[in-house]
Amino acid sequence: MMNEVNFLGIGMNPVTYQELFKKIDGWIANKQGRSYHIACVNAYNIALSLSNERLKRIYNSADIVGADGMPFVRWIRRINGQACDRIAAPDTILQLAEHAKTTNYTFYLYGGDPKVCVKMKEYLEDKFPHINIVGYYSPPFRELTAEEDQAIVDEINRLAPDIVCVGLGTPKQDYWIDEHLFKIKGSVLIASGATFDFFGGRIKMAPDWIRKSGFEWMYRLLGKDFKRLWKRYTVMYAVFSFNFMLQQSGLAKYPLLTRKHPESPKGQDIFVSS
């Protein structure tokens, strides 16, 4: 297991992109093995997990729990003294696309509105002429039938992508990854959320200086998705902040539940407390 920093019961992994590349190279060397999960976790995800045991299990059982948010990155660097990059989905996908110049990573896009999914594909292909996006699919808003889901699994396994970007929104995309981690072979699954909207042009990503400042949430809150995001960036962030103060003051305990990484579905629900 990698080092973990406990944020309200979620074990976040301090990791740099160079370390991430090395891990991915090892994971995808076996295209017949299980897939791997990179969770990009922010304050909203952690606040949701406080009242959602399934989500807490999914995040804590991810192969890498990345710090999606500059406040987390700064805390890990300054308080814990560990090297750490911001592992947000848009940054991660761009980094992997650039790194694919030398590794030839292949990509599959799953999620988003049909037009947005196509535009994300076109955006990545324009920005990275070398990129190899082997397939894409925008699922209907309704739940897929077992037959439809199996057809998608079969297609992804046939195309054998190295990276699968899953953009279904939180927590739906997290549930999807959890349910498909052993059905899809030899890929790295990344919950990509708003990345589809950013790269697909539906909403504008904050400028780099705002993203680095730690106030990207305010930029998004005041944007076109205010109605959808106001609760996330007011109520849920307040929930996170209040509980984090309790954790730091020692007035409340948030124990980690770390799943042993399984090699087969039989081991999926084995946990150890720490």
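The values are calculated or read from the model by the stated rules, or taken from the named source; none is laboratory data. Only a predicted model underlies this, so the values are computations on that prediction, with no experimental measurement involved. For neighbour counting, all protein chains shown are included, and Cβ atoms are generated from backbone atoms with ideal geometry for every residue, glycine included. The accessibility values were calculated without ligands, DNA or RNA, using every heavy atom of the protein model including side chains. Shrake-Rupley method; radii C 1.70, N 1.55, O 1.52, S 1.80 Å.
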- Log entry, pairs with first residue in region 88-102 being touching a residue at least 12 places away in the same chain (Cβ under 8 Å), second being small (Gly, Ala, Ser), beta carbons closer than 7 Å, six or more apart or on different chains, reads ALA89/ALA191; ALA89/SER192; ALA89/GLY193; ILE93/SER192
- Item | Members of region 123-147 found to be open to solvent by less than 90 Å² (accessible area, probe 1.4 Å) and either in contact (Cβ under 8 Å) with a residue 40 or more places away in the chain or out of contact with any Leu (no Cβ under 9 Å at 6 or more places or on another chain) (or both), listed by number | TYR123, LEU124, GLU125, HIS130, ASN132, PRO140, LEU144, THR145, ALA146
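Results for (1) touching a helix residue (DSSP H, G or I) at 6+ places or on another chain (Cβ under 6 Å); (2) farther than 17 Å from GLY33 by Cα, shown as yes or no for each residue.
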site	(1), (2)
ASP162	no, no
ASP174	yes, yes
ILE177	no, no
VAL188	yes, no
PHE198	yes, yes
- Of ASP63, ASP68, which residue is open to solvent by less than 50 Å² (accessible area, probe 1.4 Å), more than 26 Å from ASN157 (Cβ to Cβ) and touching a helix residue (DSSP H, G or I) at 6+ places or on another chain (Cβ under 8 Å)? ASP68
- Query: Checking ASN45 against (1) within 20 Å of GLY169 (Cα to Cα); (2) surrounded by fewer than 20 Cβ atoms within 10 Å (Cβ to Cβ), which single condition isn't satisfied?
  - Reply: (2)
- Query: Is it true that ILE87 is under 21 Å from the mean Cα position of the chain (by Cα), under 25 Å from SER49 (Cβ atoms), buried (at least 20 other Cβ atoms within 10 Å of the Cβ) and hydrophobic (A, V, I, L, M, F, W, C)?
  - Reply: yes
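Select, from PHE141, PHE182, the only residue that is hydrophobic (A, V, I, L, M, F, W, C), in contact with a Pro (Cβ under 7 Å, 6 or more places away or on another chain) and farther than 20 Å from THR103 by Cα. Break it down into steps so the answer makes sense when it comes.
Details: PHE141 fails: in contact with a Pro (Cβ under 7 Å, 6 or more places away or on another chain).
Checking each option against the conditions leaves just PHE182.
Taking into account only those residues within region 20-54 that are without any contact (Cβ under 8 Å) to a residue 60 or more places away in the chain and not in a strand (DSSP E or B), which is farthest from ASN157 (Cα to Cα)?
Selected residue: SER51.
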